[in-house]
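The values are calculated or read from the model by the stated rules, or taken from the named source; none is laboratory data. All figures in this text were calculated on a predicted structure; none of them were measured in a lab. Virtual Cβ from ideal backbone geometry, glycine too; neighbours counted across all protein chains shown.
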Amino acid sequence: MATFLYRLGRTAFRRRWLVTLLWVLILGAVGLGAAKAPAASDSGTSFMPGIEAQKAFDLIGERFPGTDANGASARIVFAAPEGEKVTASGNRAAIEALVHEAADEPEVAGAVSPFTADAVSKDGSTAFATVNFKVKAADLTDADKAALEKAIDQARDSGLTVEVGGDALAEQPAAGGSAEAVGIALAAVVLLITFGSLAAAGLPLLTAVVGVGISTASILALGSTLGLSLTTGTLASMLGLAVGIDYALFVVSRYREERANGHESGEAAGLAVGTAGSAVVFAGLTVVIALAGLSVVGVPMLTKMGLCAAGAVVVAVAVALTLVPALLGMWPDAVLSRRARKRGPVTARPSTTAGNDGTHNGGSRWARFVLRRPVTVLVAGAVGLGVLALPAAHLEMGMPGAESKPVSSTERRAYDALAAGFGPGFNGPLTIVVDARGAADPKAAAAGIAKEIGATSGVVSVSPARFNPAGDTALFSAVPTAGPNTEDTKNLVKTIRSERAGLEKSTGATFEVTGSTAMNIDVAQALQSALVPYLAVIVILALLLLLVVFRSVLVPVKAALGFLLSVLAALGAVVAVFQWGWGASLLGVEQSGPIMSLMPVFLVGIVFGLAMDYEVFLVARMREAYVHGDRAPEAVVSGFRHSARVVVAAAVIMMAVFSGFVASGESMIKTIGFGLAVAVLFDAFVVRMALVPAVLALLGDKAWWLPGWLDRLLPRVDVEGAGLTRPPAHGTGPEDSAPTQQEPAHV
């Protein structure tokens, strides 16, 4: 591995113009494809196949032809002035005028007046009208919305308070850009402080932007074909930017180190790609495993997110291994510090890895501190993360809706008005689909089921049943007493479904429960059930990969246990902020509530990949020192002396990039951005920088133990670059002498 990557780096350095031109052509080609590609459309109505709510949703589309559940809708809520009623003649006339004007628009499938649909509250203070469109919200033009907005303004002029829920007039999420810009700006500052050189700071940013540009353009180009959403592209750009900067950072940092060791520029580029590049490859593989593993969860949307983000990581790895050394070839001295450029060429000497060579920096001093107090550091770090993880035990998953939006939005005000006028459960009605094909009298069967469900404790009311043209399937709604994301409503759905067997026996018909509330409940339960197998898949695969990388049994196990600590602490922080509301206002979260169902699974996958990133970057350097002759404790010091500063910079960059997405208007992106930022904080600075050296100090040489039979079975990939080592008297590189695998001097 190291020898192959060494040659790749040397080739990219020598053929710098050709390599750069190829990447420019790739960027131009996918950019042109993105510009010419039609706008992305939804891939279908199936969100999570197999759950009851989804099967019922599909049954509606099958039995009620012409019903487009994906069409945009607007729920217009009217509140009369204090002391008046919406049924007053003037208020009623204004509402009827709005409904008639909306119904006349060409893209409107239908508009229902509250006075004909029994949509007036008992006290007469509130009413609502529903306007359904023929097309999806994203396909509505400004002209389509203008007539409805004008009618709403006219109704407001009459004295009514008018708010609009639904997705028809909701502000569509803007294309990404601002979050990435914030992340890049913060990363630039960190890189400049780390390297002390504008060129060294700018090169990782430039190559990361190229990688993200290629990934994003590819997603846009394939969006229409594969049904890729804006959220999918945002998450891919988030990860692509973070790992792209970090991977380039490690290669550039190793290049500067090899130049400081006296190697000429081409040789230094080859050695940087052969050593740091090996860590980049395996770190990237762990991230790809974690992201691609999302496909086992069974959610098509989550699978697309994971695969697109995995593709962005693959592009970032390829850029770091080829474009970075190519650009180094164009400006070989520009990335060096000012002191190194003034000093000029130095005599070539072998790369030093030993921790006892007399040099010290912050990383080595910190490592020696941990080695002196391993038990104290281990206990303090583990207990601290354990305390932070406690809120994760109270994780509640759901699908926050309009109630999570700021009170300044009309959607939130419409939600509150409906809850006040009709009860909190009105915002989350349950849709009951009655399949009466086996009943002797379908109408009587549907009526019996509706009566029984209406009598269930926790149900406020049921609507009249509506039959399909064939007369064998009915639809009606049941309004719960509690809100859509409450435990009472979850229990109500279970209760209604538990009555199915008895009602089927007595009526000859069966039914299923769907609607957004039931869908969210079913998705949350399915994702909770899928979490354990998903964790098992990615942990086993990553453990096998790390076993090959480190040729150790205990180091991969330690890495996995550290990941569990950091991810649970991150989930605990997410619950405390977004569910309990601790400090939520500081992040622009005006309403706390359940955590979006997809978020914990996606967070676990990404954090696992990033945790293994830091494990590979840091421990690979320790393994390198151990293979080259250091004793176990000094190998830990050496790894920190060479890598701690760069790992810290990489972690800060990742935190900066992810923190930039906290400002996103998308609830899921905001939550994931925060979760990833705190996860990197916990994993990089507590687990990898404190717990890892403490555990290795306690294990000593046993940390690198591997049974002989397993050692013979595992392939040798030479991540630590032993094959690149040569006697100091030779100024030649691995291309001039056959590389040989070295064993540790103390073995």
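What the table shows:
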read-out	value
Residue match in the range 545-558 (condition: within 14 Å of Thr286 (Cα to Cα), at pLDDT below 90 and within 17 Å of the chain's Cα centre (by Cα))	no
Hits in the range 590-642 - residues which are among the β-branched types (Val, Ile, Thr) and either outside any helix (DSSP H, G or I) or free of Cβ contacts under 8 Å to residues at least 40 places away in the same chain (or both)	Ile595
Whichever residue in the range 344-377 is surrounded by 14 or more Cβ atoms within 10 Å (Cβ to Cβ), small (Gly, Ala, Ser) and within 19 Å of Gly262 (Cα to Cα) and, among such residues, is modelled with the lowest pLDDT	Ala354
Leading residue by the ranking (modelled with the lowest pLDDT) among those in the range 577-592 that are surrounded by 20 or more Cβ atoms within 10 Å (Cβ to Cβ) and either at positive phi or aliphatic (A, V, I, L, M) (or both)	Val589
The listed residue being part of a helix (DSSP H, G or I), surrounded by fewer than 21 Cβ atoms within 10 Å (Cβ to Cβ) and not assigned by TED's automatic domain parsing to the domain that holds Ile453, out of Ala542, Ala536	Ala536
Residue ID - modelled with the highest pLDDT, chosen from residues in the range 129-164 that are in a loop (DSSP other than H, G, I, E, B) and loosely packed, with under 15 Cβ neighbours inside 10 Å	Gly159
Verdict on Met655 being assigned to a helix (DSSP H, G or I), buried (at least 22 other Cβ atoms within 10 Å of the Cβ), touching a helix residue (DSSP H, G or I) at 6+ places or on another chain (Cβ under 9 Å) and without any contact (Cβ under 8 Å) to a residue 40 or more places away in the chain	yes
Filter pass, Leu328 being touching a Leu at 6+ places or on another chain (Cβ under 9 Å), surrounded by fewer than 24 Cβ atoms within 10 Å (Cβ to Cβ) and touching a residue at least 40 places away in the same chain (Cβ under 8 Å)	no
From Val243, Val252, Val280, residue being surrounded by 24 or more Cβ atoms within 10 Å (Cβ to Cβ), over 23 Å from His628 (Cβ atoms) and not polar (S, T, N, Q)	Val243
Condition met for Val190 (buried (at least 18 other Cβ atoms within 10 Å of the Cβ) and modelled with pLDDT of 85 or more)	no
Considering residues of the range 713-737 that are under 23 Å from Ala559 (Cβ atoms) and not small (Gly, Ala, Ser) only, the residue modelled with the lowest pLDDT	Glu720
